[in-house]
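Laboratory data are not the source of any read-out in this text; all were calculated from the coordinates shown. Keep in mind the model is a prediction, meaning the values are calculated, not measured. Here the Cβ positions follow ideal geometry from the backbone for every residue, glycine too, while neighbour counts run over all protein chains shown.
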There are 4 protein chains.
Amino acid sequence: MKDKLRVLIWNEFRHEKNNEKVKAVYPDGIHRAIGEGLGDDLAIGYATLDEEEHGLSERRLADTDVLVWWGHKAHREVSDEIVERVHKRVLAGMGLIVLHSGHFSKIFKKLMGTTCNLKWREADEKERLWVVSPGHPIAEGIGEYIELAQEEMYGESFEIPAPDELVFVSWFEGGEVFRSGCTYTRGQGKIFYFRPGHETYPTYYNEEIRKVIRNAVHWAAPTGRPAPLFGNRKPLEPLKSRQEA
Amino acid sequence: MKDKLRVLIWNEFRHEKNNEKVKAVYPDGIHRAIGEGLGDDLAIGYATLDEEEHGLSERRLADTDVLVWWGHKAHREVSDEIVERVHKRVLAGMGLIVLHSGHFSKIFKKLMGTTCNLKWREADEKERLWVVSPGHPIAEGIGEYIELAQEEMYGESFEIPAPDELVFVSWFEGGEVFRSGCTYTRGQGKIFYFRPGHETYPTYYNEEIRKVIRNAVHWAAPTGRPAPLFGNRKPLEPLKSRQEA
Amino acid sequence: MKDKLRVLIWNEFRHEKNNEKVKAVYPDGIHRAIGEGLGDDLAIGYATLDEEEHGLSERRLADTDVLVWWGHKAHREVSDEIVERVHKRVLAGMGLIVLHSGHFSKIFKKLMGTTCNLKWREADEKERLWVVSPGHPIAEGIGEYIELAQEEMYGESFEIPAPDELVFVSWFEGGEVFRSGCTYTRGQGKIFYFRPGHETYPTYYNEEIRKVIRNAVHWAAPTGRPAPLFGNRKPLEPLKSRQEA
Amino acid sequence: MKDKLRVLIWNEFRHEKNNEKVKAVYPDGIHRAIGEGLGDDLAIGYATLDEEEHGLSERRLADTDVLVWWGHKAHREVSDEIVERVHKRVLAGMGLIVLHSGHFSKIFKKLMGTTCNLKWREADEKERLWVVSPGHPIAEGIGEYIELAQEEMYGESFEIPAPDELVFVSWFEGGEVFRSGCTYTRGQGKIFYFRPGHETYPTYYNEEIRKVIRNAVHWAAPTGRPAPLFGNRKPLEPLKSRQEA
């Protein structure tokens, strides 16, 4: 039997303690709500900002296949050293699922090379996420679109590199669109950015949203190839130019 | 009459002072050899590492449409503040042409989000750069391939994001291949990485190599659109969900 | 002085003769309205379905740098032979701008390899085309978005290959989104699909829409590289394996 | 327990009957050699050109998750009706693995929209396939490169659309390079083109080549989403523009 994929769900976990409205929606934290939605065939762990090393020790990361990231107000409190560590693990093959306001996390900005800035509005408006890559494994089991009755709006321009694959595009009631599901590869690591999930809405209890995250975790699983060889290398073939010299 | 495109060629400019072999090939510096190859329809300036602010003051960059970058041994000496400044200008639309060992420059690594590591070998071997995007403006005027009798080898894996467009793939005598001409867009800025140009070979006097760089400069010209709007925005359409609440 | 780019605007030109409503909007035909918007620095010609060879003789196509295509009800009347001819010219470098209902033209389907099917609705609704590739030359001079007070709706899924570059995404009042500005390269030819332009609306008089088409024509200009070499070829290097045999 | 993935391996199966040299290498046909390499966790079937309907009846295709295609001399004998049928199934989600000389098959050309032409040479030369997408599932279990002592050469230009993902690039002894492993999505179907496999070499007995094909089959598995909805659709949101009219 194949070992279970090891998923680590990281959450800033501040709103849920400080804000009554958020606490009412996610009493055990956003990370727990995400984890409950992932299903039994995964080995799920949790880590939060205020743990030692933000719960992201070298060892913990070495034992992680896919990292899920939710952060919002405290991106700056994530230590640069830990960001460097996560970055290395992604290049070495660890999958990374960045959710919602995680677009502004240090790790996502470092991997993208851009500001990852966007437009936003909190106005309880309707979002409809249309599937635009109909055969993509991340959209498996999803209908034409996912409708969320109330969400925060994120609008273009979204300052990211053009995604390798664009899986979802959002329509917002207020007139904007957004590239809501974007895949990237960096080194051996697969990255999926998924827009929905403002802390005041029960988005992570939505069965379709959960399915997308579940699909993304499986899609982002490492392949386990050895680390690439870099640096000075001998030729694989005889160098005629040189022999003649 | 349209104003000339303003090109700034940046060079580390150390090898040419410290190494007799390099001095013999590029007595006035690699930057001058590149500049001479660009033609008369461009307004060309030069900047080097050891100038004040590396020759890259805010004002200088504001007056630059496309920046060409050659660096090798002293990447670490480029100040983080200047890298940040160049990064901002690229996102705002300035084109960036990164040459050869510039793959390891701070600015390229920051824009790519990866190590940009690769294999290398100095063995005077033959390189043949095949055009694989035959209609691309950067390949205009180039035949099936460019042949360089002697160059440094760079080999895969090249740890970069998959390029938006792959224009050249190199064949090396020693048995390796390399993605030698890669385009990217970051923010409003267009980026072209072009592999050839080791300091001990007269590569930048080669007419075809010069043509590629010239093409790339024109391709990377800014479009001059206004800066994107980010942050909190009012809806463009009435929000029915809200009105009903 | 550089020769003017030669643009040929092809129109089915039936609605404008048979339908009073369309005639009122485009009395001289959609092609003329498009052509008037392209500006003086181009050499513009026109061709329509009911001309001999649909106005697309070998010679005419050989003298065309960029072909603009508008068709709707009579796609089937375009002869396969002419489609084959246009296809060859695109692969050889001629640019192709496919507008609106041209998504179902034989030439576009042949180049895409898919059905190019989509959702549609004629309901006089608002469309807002958001720029999502902010540095792209096709978006030059365009603000954050283009707003059209009334257009036909086209909605996802749009069964096309993932575009090389996605320049515009449309928001529709009725709740849909659409990939409205898509670039492709096939052979040496550059292709741009641009969504707006239903025959009953004055879309092709809109200054921003005209600017996009103008930009696209310039972007799609051929580079003039020689035809690629195919077939059986002698080795460029000595074959050691063989010599040893 | 999940049902086994149903793979159908299609082979022209003429060389193996008419050519002693090929018969010696693949006495039971290339298809059997490929099938033997795919492993026990797949439900494997075979079909060949000279069977009724080329072994590709509606029913057979409906029961196929991934189709593997090898053809060479008799592409023209494949009936257009069957090609149409396969095309529909690919758009509906069936995976397609096109091998070697299958680049010129009707189905591949139809899906690509280009000639799929290339350079070639039969000279028993060495090929080295470098992995350039190190985290891609199709490269799982493969080292830095695959080396084949003797193969037919295929060289650029390869007239295909830029692949969605470029997994392998080949180095050839004679001086050429080739995009040897290319992924595409068309409709809901995933397509992988894989270069090696000339009929006179024992390439399909090579363990690494077999692993790539096996990986590709799994990667190309359908997701089973429902067929997309096309055509005239009612709005999902009230149309204010219209109400005001």
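The same position B:R233 in the other copies lies at 2.3, 4.5, 4.7 nm from this copy, comparing label points 7 Å beyond Cα toward the beta-carbon, shortest first.
Contact order, relative form, for region D:54-97: 62 percent (alpha carbon pairs under 8 Å, 6 or more residues apart, mean separation divided by residue count). Net charge of the neighbourhood of B:K23, taken over other residues with C-beta under 9 Å away and scored Lys/Arg +1, Asp/Glu -1, is 0.
Within a Cβ distance under 12 Å of A:E165, other residues only, what is the Lys/Arg minus Asp/Glu net charge?
Numbers: positive: A:R179, A:K190, D:K190; negative: A:D164, D:D164, D:E165.
Computed value for this residue: 0.
Can you say what percent of the DSSP beta bridges in region A:45-164, counting only those with both residues inside, are antiparallel? Round to 5. Let's see the in-between values first.
Values: 8 of 12 bridges.
Taking every DSSP beta bridge within region A:45-164, about 65 percent pair in antiparallel fashion.
Considering only C-alpha atoms, what is the centroid distance from region D:28-105 to region C:132-178, in Å? Using only Cα atoms to place each centre, the spacing works out to 37 Å. Between this copy and the others, label points of C:N18 are 4.9, 6.6, 7.7 nm apart in ascending order, each placed 7 angstrom from Cα in the Cβ direction.
For chain B, relative contact order (Cα pairs under 8 Å, six or more residues apart, normalised by length) works out to 21 percent. At an R0 of 51 angstrom, the distance between the Cβ atoms of D:A149 and D:K4 translates into a FRET efficiency of 0.90.
The relative contact order of region C:138-184, computed from alpha carbon pairs under 8 Å that lie at least 6 residues apart in sequence, is 35 percent. Taking every DSSP bridge with both residues inside the protein assembly as shown, close to 55 percent are antiparallel.
Nearest beta carbon of chain B to the B-to-A rotation axis, with distance in whole angstrom: B:G113, 2. Seen against the Cα atoms of chain C and their longest principal axis, helix C:80-91 is set at about 70 degrees.
Each other residue within a Cβ distance under 11 Å of D:G39 adds +1 if Lys or Arg and -1 if Asp or Glu, for a net charge of +1. Take C:E81, push a point 7 Å out from Cα through the beta-carbon direction, and compare it with the same point in every other copy: 2.7, 7.3, 7.7 nm, smallest first. Label sites at D:A24 and C:R76, each approximated as a point 7 angstrom past Cα along Cα to Cβ, lie 5.6 nm apart.
Pull out a ≥ b ≥ c, the square roots of the eigenvalues of the alpha-carbon gyration tensor of the protein assembly as shown, then state rounded if a/c is under 1.5, prolate if not and a/b is larger than b/c, and oblate in the remaining case. Before the final figure, lay out the partial values.
Working: a/c = 1.13, a/b = 1.07, b/c = 1.05.
Rounded shape, in that the Cα axes give a/c under 1.5.
Helix A:207-219 versus the longest principal axis of chain A: what angle, 0 to 90°, nearest 10, using Cα atoms? That helix lies at roughly 10 degrees to the long axis.
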